[in-house]
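Visitor: Starting off with a structure, shown below.
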Ligand SMILES: [Zn+2]
């Protein structure tokens, strides 16, 4: 019943329910500016105007130890894996004083990373859609960030039944992906090896595992999505490696899910980041985040690499059309000499596989 109430609320607020194909426009002007506690503004507020940002610098807040887990709050709402109903992408409430809000719900005190849209929650970096603001000395976050990043952390993870997952080794065939700075290895080969190592680890945990490719094959992104649909997969995990070439400095793990409707993406690349767009996979926003967080946390623990955060993007075609929780993992930078050397070793790729497998326990 509660799910239906949520759906009705969405329709009432006008955020387009994801359609099977394509995307629809998001009606704007539903998010009040900071400080507003009345009805939504009549002018578009996504993304926020420059004026909404308070000039008071945000202090770095104390954080919990990096190994801390997010304590689930009671009572827990129904399962969100796999999600079937769209969730509200807008909320008439004002910006939320997030430290007090988190404490009241048993979440770790979030560490606000000053001058950015990033927060660290329970030791894990999350990139938000809007930069937090200071209101009367309290760090406040946008309602969409509360709904799409903080509130999902109060939910338990419930796996699909049956446990079926599609692993997607990025690239293949003529699409080699990026090239390792050391060892002259291609991303397409390293992602396939990662997936082949991961498959038996997941099978041992009771998952039925399908790979989008098991050899050096050209495979369009649409075929990867279609395969997951045909197999009625409960989850979809795309495996990639990163590059910042010609810069060789960047290193670390990034885990992506689709940007919720109304929010700015963390990463845009060449794809127009239309904050008003909603895609089929947006009906799994909360489950996407929970899956991304689990994988991100366990791969960080397994590899010890740097935490570049859980990010959101719209340009990833392999995620947009998925009608199931779906994430894309960038397992490290092949453009970084140290990290590329590590990724070139079978032992490190085994750790990458074990990290993802532990996330799905
Ligand atoms: Zn890639």
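Where a number appears in this text, it was derived from the coordinates with a stated rule and is not lab data. Here the structure is a predicted model, which means the values were calculated and not measured. Quick reminder, even Gly has a Cβ in these numbers, built from the backbone with ideal geometry, and neighbours come from all protein chains shown.
Visitor: What order do you get for 354, 254, 286 when you list them from fewest to most C-beta neighbours inside 10 Å?
Guide: Going from sparsest to densest Cβ surroundings: 354, 286, 254.
Visitor: Rounded if a/c is under 1.5, else prolate if a/b beats b/c, else oblate: with a ≥ b ≥ c from the C-alpha gyration tensor eigenvalues square-rooted, which is segment 249-302?
Guide: oblate
Visitor: Now for a different question. In what sequence do 243, 340, 104 fall when counting other Cβ within 10 Å, fewest first?
Guide: By the 10 Å Cβ count, ascending: 104, 243, 340.
Visitor: Could you sort the peptides 308-315, 141-148, 265-272 by per-residue average Cβ neighbour count (10 Å cutoff), highest mean leading?
Guide: Top to bottom by mean Cβ count within 10 Å: 141-148, 308-315, 265-272.
Visitor: Same structure, new question: Past the 25 angstrom mark, what percentage of all C-alpha to C-alpha distances in segment 164-359 do you count?
Guide: Percent of Cα pairs beyond 25 Å in segment 164-359: 29.
Visitor: In addition: Go ahead and run the numbers for FRET between residue 274 and residue 345, Cβ-Cβ distance against an R0 of 35 Å, rounding to 0.05.
Guide: Efficiency, from the Cβ-Cβ distance: 0.30.
Visitor: Using only the Cα atoms, work out Rg/Rh for segment 137-278, with Rh taken as the Kirkwood radius, to two decimals.
Guide: Rg/Rh for segment 137-278 comes to 1.01.
Visitor: Would you mind classifying segment 124-214 by shape? Square roots of the alpha carbon gyration tensor eigenvalues, ordered a ≥ b ≥ c; an a/c under 1.5 is rounded, otherwise it is prolate if a/b is larger than b/c and oblate if not. Please report the intermediate quantities before stating the final value.
Guide: Details: a/c = 3.53, a/b = 1.61, b/c = 2.19.
Oblate, since a/c reaches 1.5 and b/c is not below a/b.
Visitor: Using only the alpha carbons of segment 111-162, determine the length spanned along each of the three principal axes and report them from longest to shortest in whole angstroms.
Guide: Largest to smallest, the principal-axis extents are 48, 20, 16 Å.
Visitor: May I ask you to list the residues of segment 330-361 whose amide nitrogen lies under 14 Å from a point 7 Å from Cα along the Cα→beta-carbon direction of residue 244?
Guide: Answer for this model: 332-340.
Visitor: Now a separate question. Can you give me the distance in nm between label points at residue 158 and residue 214, each placed 7 Å from the Cα along the Cα-to-Cβ direction?
Guide: Between residue 158 and residue 214, the label points sit 3.3 nm apart.
Visitor: Between the alpha-carbon centers of segment 150-219 and segment 255-269, tell me the distance in whole angstrom.
Guide: Here the two parts' Cα centres lie 21 Å apart.
Visitor: Neighbouring Cβ atoms within 10 Å as the yardstick, rank 130, 245 fewest first.
Guide: Ordered by Cβ neighbours within 10 Å, fewest first: 245, 130.
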